[in-house]
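See below for the structure under consideration.
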Amino acid sequence: MNSEVLYRKNTNIKTQQIAGAGPLAGSGSGEAARGAVSGGKSSEARHVSAHTVPRLTRDTQTMGTLRDLQFALQLKIEELRQRDALIDELELELDAKDDLIRRLQGELDRYRATLGPLGPAAAAPGPSRVPDEPPRTKRQAISAEPTGLDPSQLPDVALTSYSKSKVSQELIRKALLENDFMKHLEVGQISTIIDCMHPTTISQGCCVIKEGDDGSLVYVLEEGKVEVSKNSQKLCTMGPGRAFGELAVLYNCTRTATVTALTDIKLWAINRQSFQTIMMRAGVMRHTQNMELLRSVPSFRSLPEDVLSKVADAAEEARYADGNYIIRQGATGDTFFIISEGQVKVTQEKSGSEDPVLLSTLSKGNWFGEQALQGEDVRTASVIAVGDVTCLVVDRETFKQLIGVLEDAGKKVNESDETKSRLEAEAGFFSCLSLDDLKVVGTLGIGGFSRVELVHLKSDPSRSFAMKVLKKHHIVNTSQQGHILSERKIMMELHSPFIVRMYRTFRNAKYLYMLLEACLGGELWTLLRDRGSFDDSTTRFYTACVVEALAFLHCRGIIYRDLKPENIILDQRGYAKLADFGFAKKVGLGKKTWTFCGTPEYVAPEVILNKGHDISADLWSLGVFMFELLNGSPPFSESDPMKTYNVILRGIDMVEFPKKISKSAANLIKRLCRDTPAERLGNQKHGVKDIQKHKWFEGFNWEGIRRGTLTPPIIPNVSGPLDTSNFDCFPGDDDEPPPDEESGWDPEF
């Protein structure tokens, strides 16, 4: 601040000297000096000079004040710059400390996993874990019961409606629109849900929902008051106009809290089957209608089914009121329209004519503006709505992204004669194996209803495999037979260096067995846990391995549906491979499926909203996977699944990216995690090549990773075919053997 005072002092001296207010001011000698300088001018001239001096004084004072303000502003700007620089330094320091915490947390988790659970005596000494930092555990995937609905029959499914007063209808509508999940539904879906909600009453003191019970209903409270509690602790009270229990209509799950009636209450409810039917029917009918409309356009008829399906998904619905101009003559346009409801008139203004000439009237199934899809189009006529009109709209950019030579879809999937011969010889060898030929070495992992053991041939200990053991009774109880059969069928057909091989399967009355390739480099999840996060180079390598695996699956019409670090395993070289195909499904190109499944943090919005999903759901998960490797935690994660789903529905643009994720990596993540499936990178006309050519992968050796010549960023230490040191230690299987299950659903095993 001394420089500012000095500046002001110098400025004041200069101002005083200019204004004649220096040492001579007010003295006779000063006046004489001014007279001498004036050269003996007349009194009139001196009079003018007397008026000029005060004006000059005011001007110079103003200039001085302006300079002071400018100087003060510069000082403030510099101060703000220094503060910004300090904030940046502190943020970097905070990021570094976060990384350190993650690494230390990983070390702690790894030692805990190695040592196993401590008894009370051993756990007493030493500091306890901070309550807000629970140990990191592997995330369990979720799967709804397979839907028994045939999509082609959905329009004919009868739904039961219940009469309601207008007041009740508006109360339900308001409650649904204020609910974080329900507000994302379409207007038509909400109206149908309101119609299908049935009334129920519960007396004071009774439970509406009990923590730990299975649930299948979502409720809207119309009259009375309820209390919400968890672990016997009161959380809140709710009055009329609130919706609750919505997780139960997504899939079969246990209730996470108890809701008790504080008074006699009246509720409206809808069950999961009706809710899912409404959601699925809306998506299927809209997609079917869009496909039919697109097929009515000659230039679209020759498109492959999968491409047409993507255009149908990308097309948007636009509504116009009577008299609205949809297209105006002379304007440039990039949009193509197909009329789905209503009528339009086409008019043209001709030179010399005052009134537009009516050229034609178009109705449902007709289209206009097709030239805009080929290039810049100057509209030659106007199109005006006659009454209410609804159009299916496709813009040029979307059209160009989706329509092209489907290089990935056309990729040859046939194996060479040499590969076929090798696989036939391999199949012959494994077909002669029995369970008695294998010896268990140790446990590599434990899942929801399975264990993975390392085994070797009794006749040749150098040949080791991974054996996945599943409890048949549990599979039947959770209605997962379809997923298990699909997993076997798909994995037996896959021969990719980026996917764990399945060699054969066995069964008995209690268990199913899958004999798999042994990848002894450990799980990617364990590496991420121990290191906290990965740098760009490491993430790029593992992401590239996953991209190759997904490309192999997608060009065969297979969706994976459970991408996450827990399902990536490293071989002895350090290359990453996709494992656990429990949720994989062969849907075919351009087809959709509707079963809710996946890990909550990784599921795509269309899965949550039951719009039907395809291979593009894997691309969403790929973006989440990238984010988690770079950051150490996924972008969408909350305290319970329903909150996580609501965060996902808000979109990737609402996520704050940490500074350690580079701009090019963030750009790729955001382009993979687009809300609209047809807009996701990898789901457009060049397929996976759009991902491989993205700036983040610039300079990456794709051919090297395919040939296995690229050096991995982390090379595991594997001493031999029986080395389990890269895996956590797991307790032995002390559970009672499950009951026999011989319903006969598993003859393929």
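Straight-line cross-link reach from residue 458 at under 20 Å between alpha-carbon atoms covers these lysines, not counting any fewer than eight positions away in the same chain: 439, 468. If you take all other residues with their beta carbon under 12 Å from the beta carbon of residue 391, and give Lys and Arg +1 and Asp and Glu -1, the sum is -2. Here's how it looks for residue 572: its modeled amide H is under 5 Å from those of 520, 521, which are all 5 or more places away or on a different chain. Once C-alpha pairs closer than 8 Å and six or more residues apart are averaged by separation and normalised to the residue number of the range 417-517, the relative contact order reads 22 percent. Straight-line cross-link partners of residue 345 among the lysines, defined as a Cα under 25 Å from its Cα and at least 8 positions apart when in the same chain: 364.
Annotation: peptides 594-605, 454-465, ranked by per-residue average of other Cβ atoms within 10 Å with the highest first, follow the order 594-605, 454-465.
For residue 349 and residue 93, the difference between the fully extended length at 0.36 nm per residue and the C-alpha to C-alpha distance is 85.5 nm. The spacing between the range 299-323 and the range 602-620, judged by their C-alpha centroids, is 20 Å. Counting 0.36 nm for each residue step from residue 357 to residue 210 and taking away their Cα separation leaves a gain of 46.0 nm.
For the range 503-620, lysine pairs with C-alpha atoms less than 25 angstrom apart, excluding pairs fewer than eight positions apart on the same chain, total 12.
Using only the Cα atoms of the range 417-517, each taken as one equal point scatterer with no solvent, compute I(q) by the Debye sum, divide by I(0), and report log10 of the ratio at q = 0.13 Å⁻¹. For the requested q values the scattering log ratios are -0.49. Note on residue 227 and residue 693: the model spin-label points, each 7 Å out from Cα along the C-beta direction, lie 6.4 nm apart. Our note on the geometry: Cα centres of the range 703-749 and the range 628-650, 28 Å apart. Taking every C-alpha pair closer than 8 Å and separated by at least 6 residues, the mean separation divided by the residue count of the range 151-279 gives a relative contact order of 32 percent. In order along the range 207-224, the Karplus-derived 3J(HN,Hα) couplings, from 6.51 cos²θ - 1.76 cosθ + 1.60 at θ = phi - 60°, round to 8, 7, 9, 10, 3, x, 7, 6, x, 9, 10, 10, 10, 10, 7, 9, 9, x Hz, and Gly and Pro are given as x. The length gained on full extension between residue 101 and residue 237, counted as 0.36 nm times the residue separation minus their Cα-Cα distance, comes to 45.2 nm. Scalar couplings 3J(HN,Hα) for the range 179-191, obtained by applying the Karplus form with A = 6.51, B = -1.76, C = 1.60 to θ = phi - 60°, are 7, 4, 8, 5, 5, 7, 6, 6, 4, x, 5, 4, 4 Hz; x denotes Gly and Pro.
Restricting the GluC sites (Glu not before Pro) of the range 623-668 to loop positions (DSSP other than H, G, I, E, B) with no more than 10 neighbouring Cβ atoms within 10 Å leaves 656. With R₀ set to 22 Å, the beta-carbon distance separating residue 425 from residue 496 gives a calculated FRET efficiency near 0.70.
Close amide-amide hydrogen proximity is noted between residue 366 and 339, each under 5 Å apart and 5 or more residues distant or on a separate chain (H modeled in the peptide plane; Pro and chain starts excluded).
Database remark: amide H of residue 241 closer than 5 angstrom to the amide H of 221, 222 (H placed geometrically; neighbours at sequence offset of 5 or more, or on other chains; Pro and chain starts carry no H).
Laboratory data are not the source of any read-out in this text; all were calculated from the coordinates shown. Note that the coordinates shown come from a computational prediction; the quantities given were computed from them, not determined experimentally. We place every Cβ from the backbone using ideal geometry, glycine too, and count neighbours over all the protein chains shown.
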